[in-house]
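I have placed the structure first, in the form of structure tokens, so that the comments after it can refer back to it.
The values are calculated or read from the model by the stated rules, or taken from the named source; none is laboratory data. The structure displayed is predicted, hence computed values, not measured ones. Here the Cβ positions follow ideal geometry from the backbone for every residue, glycine too, while neighbour counts run over all protein chains shown. Heavy atoms of the whole protein, side chains included, go into the accessibility calculation; ligands, DNA and RNA do not. Shrake-Rupley method; radii C 1.70, N 1.55, O 1.52, S 1.80 Å.
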Amino acid sequence: EKVVRRLRAKTALPIRQIVSEIIVQAENLIDIEGPEDTEEDRPMKTAISNVAPGQVVKFHGEPCIALEHRTAGTLLVTAAQIKSSFGSTNNFAVSSFREHLNGAFADALTEGHADELITREVDLTALNGSKEYGSCECKVAPLTFDEIRRFHGLLPRPESWEWSATPWSTPCVDEDDT
């Protein structure tokens, strides 16, 4: 919520529901949040590599869910849905949404330390199999359809619809009616 308020103040962009992801490199920035924690409890610091998938952690105060540990870091998603607009294209690689997530959003989320986020490759294969959009590298992105399916058991039920980085189709496929 704090991040969303900062983003609105900085960018004035309309926001629709998405799940953004963050791959975290800095292990000492994670606070574990347990069900028994109270406001008076001091958060426990732990290495992100010791956090079990599905565990809620705080990254710069923002509740996130650990999804999986990777060689370069840990894949996290924000625990709360974030509202945003995808833009005028369904190609995440060239969308204003990608620019927003990897600019103002990443800056606000990391309190100006976006270098703590690790660049990853996002597969933009469409649901119908078109590979026209290829892939893109970025630090923050909505989950792909395949990732949503893969991490289904770890993700909270969305309050309403949300974006994925996966397009339904691409212009090449749409033009030939396939």
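Any chance you could look up the accessible area of Val51 with a 1.4 Å probe, heavy atoms only, rounded to 10 Å²?
10
Which of the trypsin sites (Lys or Arg not before Pro) found in region 61-118 are in a DSSP loop and have at most 13 neighbouring Cβ atoms, other than their own, within 10 Å?
Arg70
Quick one: ranking Thr71, Thr144 by accessible area, 1.4 Å probe, largest first, what do you get? Working shown, then result.
Details: Thr71 150, Thr144 15 Å².
My answer, sorted largest first, is Thr71, Thr144.
With viscosity set to 0.692 mPa s at 37 °C, what whole-number translational diffusion coefficient in µm²/s follows for region 84-175 from Stokes-Einstein and a Kirkwood radius over Cα pairs?
Reported coefficient: 232 µm²/s.
Between region 48-86 and region 101-123, how many Å separate their Cα centres?
If we compute the Cα centre of each part, the gap is 13 Å.
If you count only protein heavy atoms and use a 1.4 Å probe, how large is the accessible surface of Ile148, to the nearest 10 Å²?
Using a 1.4 Å probe on the heavy atoms, I get roughly 50 Å².
Considering only protein heavy atoms, with the full assembly of protein chains and a 1.4 angstrom probe, order Ser84, Ser96 by accessible area, largest first.
The ordering from most to least exposed comes out as Ser96, Ser84.
Taking a probe of 1.4 Å, how large is the accessible area per residue of region 95-178, in Å²?
56
How much accessible surface does His152 have with a 1.4 Å probe, in Å² rounded to 10?
Counting only protein heavy atoms, the figure is 140 Å².
Leaving ligands, DNA and RNA out of it, report the carbon-plus-sulfur percent of the accessible area of region 39-163 at a 1.4 Å probe.
49
Leaving ligands and nucleic acids out of the surface, order Ser135, Ser88 by accessible area at 1.4 Å, largest first.
Result of the area sort, largest leading: Ser88, Ser135.
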